[in-house]
Amino acid sequence: MTVNIKTEISNLSKQYSYLSSTFLKEYLRKKKISSVPSTVNQYLSQLKKEKIIYDAGRGWYSNIQNTFQSESAFQNNVVNSITKDFPFLEFNCWSISQIKDYFHHQFTKDLIFIYSSFDSLSSLNDYLNANGFKVYNNPGKQMVKDYFILQSDSIILRPSISEEPKNNFSSSVEKILIDLYLEKDKLNLFDETEYKRLFYNLICSSRINMAQLLRYSSRREVKMTFVKNILMSDKFVICR
């Protein structure tokens, strides 16, 4: 019996919210379906044109059409203030309010995380404090224990990470998700169960770049832990 590879790929994509080309090749091989990479790529391209699957980063595909969109008035205000007085400063930022709709339990405290070169943090800290913002300059365990108070409209300064995904002054959603995975423990924001619910609420309703998420988790040296505790696999994701 002749196997229709395109149909096999289409059916597989309906079962997995995100799947990698690595997983797809393993699936075809296990089912003993003979195929060549160029043929598989051709079918993937056709399925994308037919809007059955969508691009989810290099070597990743998804059946989720919508992409992540968000706005934060407080964040925009801070960005405008910084760029006005530091026009050449390289930085990117994100805020809790961008992802507030995905929490299982309501999280009412808005925090902004700003990432810039380590040498710029002190000047940024002084500037933002002088302009009336509540700022914490790269707080470590002791500062969090002694001084950190979780209150709305606070700003957290962190040194930037090389190759961090961003768009102008805005951190990408993939960066937000990995940064938050780390910050939830550093700042005692909430537990891993709440994070996992937020994570799946977001990625199952808004398509993200899974390749970028995994690459950045590797840059932050948490890929193995993140895959084990949150993703469960680095080859596919199933949304229920």
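Each reported figure results from applying straightforward, stated rules to the coordinates on display, with no laboratory input. Bear in mind the structure is a predicted one, so any value in this text is a computation, not a measurement. With ideal geometry, Cβ positions are generated from the backbone for all residues, glycine too; neighbour counts draw on all protein chains shown.
Summary table below
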read-out	value
5 angstrom amide H check on residue 220, placed H, neighbours 5+ away	none
Neighbour-limited loop hits for GluC sites (Glu not before Pro), region 1-54 (at most 12 other Cβ within 10 Å; DSSP other than H, G, I, E, B)	50
Environment charge of residue 67, counting only residues whose C-beta is closer than 13 Å and scoring Lys/Arg +1, Asp/Glu -1	-1
Most mobile listed residue (210, 224, 143) in the chain, GNM with C-alpha springs under 10 Å	143
For residue 171, distant residues with modelled amide H under 5 Å away	93, 94
Calculated FRET efficiency for the pair residue 45/residue 162, C-beta based, R₀ 35 Å, to 0.05	0.60
Over the chain: helical MRE at 222 nm, DSSP H runs n ≥ 4 each giving -39500 (n - 2.57), nearest 500	-12500 deg cm²/dmol
Label of the coordinate-derived value, Rg and Dmax of the Cα atoms in Å, listed as (i) 18.9, 62; (ii) 17.8, 55; (iii) 20.5, 74	(iii)
Tilt relative to the chain, helix 192-203 - C-alpha long axis, 0 to 90 degrees, to 10	60 degrees
GNM flexibility winner over the chain from 15, 212, 75 (Cα, springs under 10 Å)	15
Partnerless Cys - the chain, beta-carbon criterion under 4.7 Å	93
Volume in Å³ per residue [convex hull over Cα atoms, computed for region 5-62]	70 Å³
Low-density loop positions, chymotrypsin sites (Phe, Trp or Tyr not before Pro), region 1-109 - DSSP coil, at most 15 other Cβ in 10 Å	88
Rough spin-label spacing in nm, given labels placed 7 Å along Cα→Cβ, for residue 184 and residue 67	2.6 nm
Under 29 Å from residue 25, Cα to Cα: lysines that are on another chain or at least 8 residues apart	6, 14, 48, 49, 51, 175, 196, 223, 228, 235
The chain: relative contact order in percent, alpha carbon pairs under 8 Å with at least 6 residues between	25 percent
Charge dipole (debye, nearest 20) of region 5-62; +1 at Cβ of Lys and Arg, -1 at Cβ of Asp and Glu	120 debye
Net +/- balance of residues flanking residue 27 in space, Cβ distance below 12 Å, scoring K and R +1, D and E -1	+4
Cβ-derived FRET efficiency at R0 35 Å, residue 232 paired with residue 143, nearest 0.05	0.55
Label-to-label distance, nm, for residues given as residue 122 and residue 31 (7 Å Cα→Cβ offset)	6.1 nm
